[in-house]
Amino acid sequence: MVVSHPGPNKAAAPQSLSALLAACGLEHHEKTFQAEGYTLDTLLSCMERGEEAVKSDLRELKLTLGECRQLINQLGILEASNEPRKEGRNEYL
């Protein structure tokens, strides 16, 4: 039996904010994030507080609602794909 894996939905967590933005097609916002000192760590810690906190930050960075949704959805996909690793199950690696 051949098992195919979904494309970008199971990608590894990005190593940088620029990689995350590029995965969402939002790389043109990279300078805005840099100018505000907003890092991947900042974004991930904000995500722990919930979508509304992330959306608020992203709106302050002047992202459109659609762009906010793209980034939040990508973060949700990454969190879901990383959960097995957090629990010590490496079956998807």
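The values are calculated or read from the model by the stated rules, or taken from the named source; none is laboratory data. A quick note: this is a predicted structure, and the numbers were derived from the prediction, not measured. A quick note on method: Cβ atoms are made from the backbone with ideal geometry, for glycine too, and the neighbour counts reach across all protein chains shown. Surface accessibility is based on the protein's heavy atoms, side chains included, excluding ligands, DNA and RNA. Shrake-Rupley method; radii C 1.70, N 1.55, O 1.52, S 1.80 Å.
Structure above, values below:
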quantity	calculated
Residue ID - least open to solvent (accessible area, probe 1.4 Å), chosen from residues in segment 43-72 that are under 19 Å from residue 14 (Cβ atoms) and either free of Cβ contacts under 8 Å to residues at least 12 places away in the same chain or aromatic (Phe, Trp, Tyr) (or both)	46
Residue in segment 83-91 that is in a helix (DSSP H, G or I), at pLDDT below 80 and not charged (D, E, K, R) present	yes
Per-region count, segment 28-42, residues within 13 Å of residue 67 (Cβ to Cβ) and surrounded by 14 or more Cβ atoms within 10 Å (Cβ to Cβ)	4
Within segment 8-42, considering residues that are under 12 Å from the mean Cα position of the chain (by Cα) and of a type in the set (S, T, N, Q), the one modelled with the lowest pLDDT	9
